[in-house]
Amino acid sequence: MHSTMQDTQLTIAALMHHGTTVHPDSEVVTATADGTRSITFAELGLRTARLANGLRSLGITGDQRVATFQWNNQEHLEAYLAIPSMGAVLHTLNIRLFPEQLVYIANHAEDSIIIVDDSLVGLLAPHLAELKTVTHVIVAGPDAATANLDSLRASGKEVLLYEDLLAEQPNAFDWPEIDERAAAFMCYTSGTTGNPKGVVYSHRSTYLHSIAASTGNVAGLTFADRVLPIVPMFHANAWGLAHAAILSGSSLCLPDRWLQAEPLVRFINASRPTVSGAVPTVWNDVLTLLDKNPETKLDSLRLVLCGGSAVPVALQKALRERHNINMVQAWGMTETSPVASVANPPLGAEGDDEWRYKGTAGRLLYGVEGRIVGADDTVLPRDGESVGELQVRGPWITGAYYLDDDPAKFDNGWLRTGDVGTLDHLGYITLTDRAKDVIKSGGEWISSVDLENALMGHPAVLEAAVVGIPDERWQERPLASVVVREGMSVTPAELREHLAKDFAAWQLPDAFAFIEQVPRTSVGKFDKKVLRKAYNDNELRVERP
């Protein structure tokens, strides 16, 4: 027996048409150097059609890759919609990558065209000649005409201005019928070890992820919301927030290059977002600014989604108790599109119990299955105690890397995440470490994440990162690298005393290093391999209690 339901394809074009026709009065607000600029969703739909026509005129007729080298802004959003809707594939290039990784990724993906922001021309130009398959560069942004275009032309590529290209095009495009399983987007992992790996998202996976991100268990979006993705649009598609907003009719507030605490807070008060998403380091800086300026309020925000690395409970508490901002931790990876779990506490959780759940990686979303697997490939109980590698599967989780066979990463349809932790009977994930960051001391595991969260709960500590260092007797012992808050001081002995309330003596760090900033990867995560190298090269001034 067959269903009589209509077989409508779940595509970015369908998502775009809904947002721009059913919610034409919603708006896209982009930060500028001296204020904001904005367009309606109706205007967004017209400009998206013009961009598709412009790209077609430059030879994009199939599933060629069109890359973006852009901040979070209106033009980047137009590319988000136009490129996959016309049947091509949008490849977001990470502007913070080392040059050799950027060149590798663009050549591996075989990008045909790059759209670059006017403010990023100087970053792209020195490497453009090395991008073998790129034929055209389109410069976008209010100051594109005065950017150093000659530095781009020196590569031999054809250089155009975004607004000039759009001005020549009609407001309508003949959007093709696209199979929902066709490629829509490409993102590459941040490549902390070896070359970055490409993940290809389909129209269907992005559409389904957008629905999930809009639900009450994640962001609870409606057309009354205004969404501020601070997380870059080149970082796992801004966690799906842009597409979820279009689908829900939520207005979008885009911060462009102004991501420091002071301009960001100014933009929040000007654009009045209700929902935001960013990594913890951004909100640490915002918290510091708010604490110094108690008259400054961020009263439009009802929800801040935070992830990318473990979100300290101390940060969540401080934002709620001192500034009435509700932060919720979410977990995911480039390979999971990325949101797979969100740490909303279960019904009835109050006091310390509530904060314990808010400190987890969250409860699995509908559509995502999870399991914990031991060292001998045994599936472990969902008891919140059995520790092993987290594996996940679902309709927006990748089953392979692009042109890169990596069978060790996949197990009969399950993605091996490389995260170590537990899963309880309610579906809450608690992560204790990345597999490569696990500290094994005397045969026992010590969670660097738990130690970091506890250290950042000390009033004098701004940031902390814990790594394992070699030890003749115990194999490894924890080294805590700590950033002290401005104007404050703390000793290793005081930090050990602070930790001793929650940890056994054998779990406490034997060594501390006081540093100016925890090194970060290109997507804002703590880069622990840099700390290990600094220790091995005797570049850290290590103190012992």
Please report, in whole Å, how far the alpha carbons of the stretch 1-137 spread along each principal axis, starting with the longest. 55, 47, 27
Any idea what log10 I(q)/I(0) is at q = 0.09, 0.17, 0.24 Å⁻¹ for the stretch 438-543, Debye with uniform C-alpha scatterers and no solvent? -0.20, -0.75, -1.49
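For every other residue with a beta carbon closer than 9 angstrom to the beta carbon of THR288, add +1 if it is Lys or Arg and -1 if Asp or Glu, then tell me the sum.
After counting each charged neighbour, the total is -1.
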Angle check, please: helix 74-85 long axis (alpha carbons) against the longest principal axis of the chain (alpha carbons), in degrees 0 to 90, nearest 10. 70 degrees
Inter-centroid distance (Cα atoms) of the stretch 378-434 relative to the stretch 28-98, Å: 33 Å
Just report the Cα centroid separation between the stretch 105-127 and the stretch 303-364, whole Å. 35 Å
HN-Hα J in Hz across the stretch 390-398 - Karplus 6.51, -1.76, 1.60, θ = phi - 60°, x for Gly and Pro: 6, 10, 9, 8, x, x, 10, 10, 5
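Taking neighbour counts of Cβ atoms within 10 Å as a proxy for exposure, in what order, fewest first, do PHE69, PHE410 appear?
Least crowded to most crowded, the residues run PHE410, PHE69.
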Give, rounded to the nearest 20 debye, the magnitude of the charge dipole that the stretch 444-545 has about its Cα centre when Lys and Arg contribute +1 at Cβ and Asp and Glu contribute -1 at Cβ. 200 debye
What ranking do HIS127, HIS235, HIS323 get, fewest neighbouring Cβ atoms within 10 angstrom at the top? HIS127, HIS323, HIS235
In the structure displayed, which of LYS440/LYS501; LYS436/LYS525; LYS358/LYS529 lie more than 24 Å apart, Cα to Cα? LYS358/LYS529
Remind me, relative contact order of the stretch 438-543 in percent, using alpha carbon pairs under 8 angstrom and six or more residues apart? 24 percent
What Rg and what Dmax come out for the chain when only alpha-carbon atoms are used, in angstroms? 23.5, 73
Sort THR417, THR133, THR21, THR48 so the one with the fewest other Cβ atoms within 10 Å of its own Cβ comes first. THR21, THR133, THR417, THR48
At q = 0.26, 0.30, 0.31 Å⁻¹, what is the log10 ratio I(q)/I(0) for the stretch 486-529, with the Debye formula run over Cα points and no solvent? -0.96, -1.02, -1.04
Which ³J(HN,Hα) values, rounded to whole Hz and listed in residue order, are derived for the stretch 459-475 from phi using the Karplus coefficients 6.51, -1.76 and 1.60 in 6.51 cos²θ - 1.76 cosθ + 1.60 with θ = phi - 60°, glycine and proline given as x? x, 8, 9, 8, 9, 8, 9, 10, 10, x, 10, x, 9, 4, 7, 9, 6
For the chain, what is the mean residue ellipticity at 222 nm derived from helices alone (per DSSP H run of n ≥ 4: -39500 (n - 2.57); sum divided by total residues; nearest 500 deg cm²/dmol)? -8000 deg cm²/dmol
Cross-link partners of LYS297 among lysines (Cα-Cα below 17 Å; sequence separation of 8 or more within a chain): LYS317
How large is ³J(HN,Hα) for each residue in the stretch 27-43, as worked out from phi by the Karplus curve 6.51 cos²θ - 1.76 cosθ + 1.60 (θ = phi - 60°), to whole Hz, x for Gly and Pro? 9, 10, 10, 10, 5, 10, 4, 10, x, 9, 9, 8, 9, 7, 4, 4, 5
Under 16 Å from LYS132, Cα to Cα: aspartates and glutamates that are on another chain or at least 8 residues apart: GLU100, GLU110, ASP111, GLU158
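None of the figures in this text is laboratory data; all of them are computed from the coordinates on show. Quick caveat: nothing in here was measured; it's all calculated off a predicted structure. Neighbour counts are summed over all protein chains in view; Cβ atoms, including those assigned to glycine, are modelled from backbone coordinates with ideal geometry.
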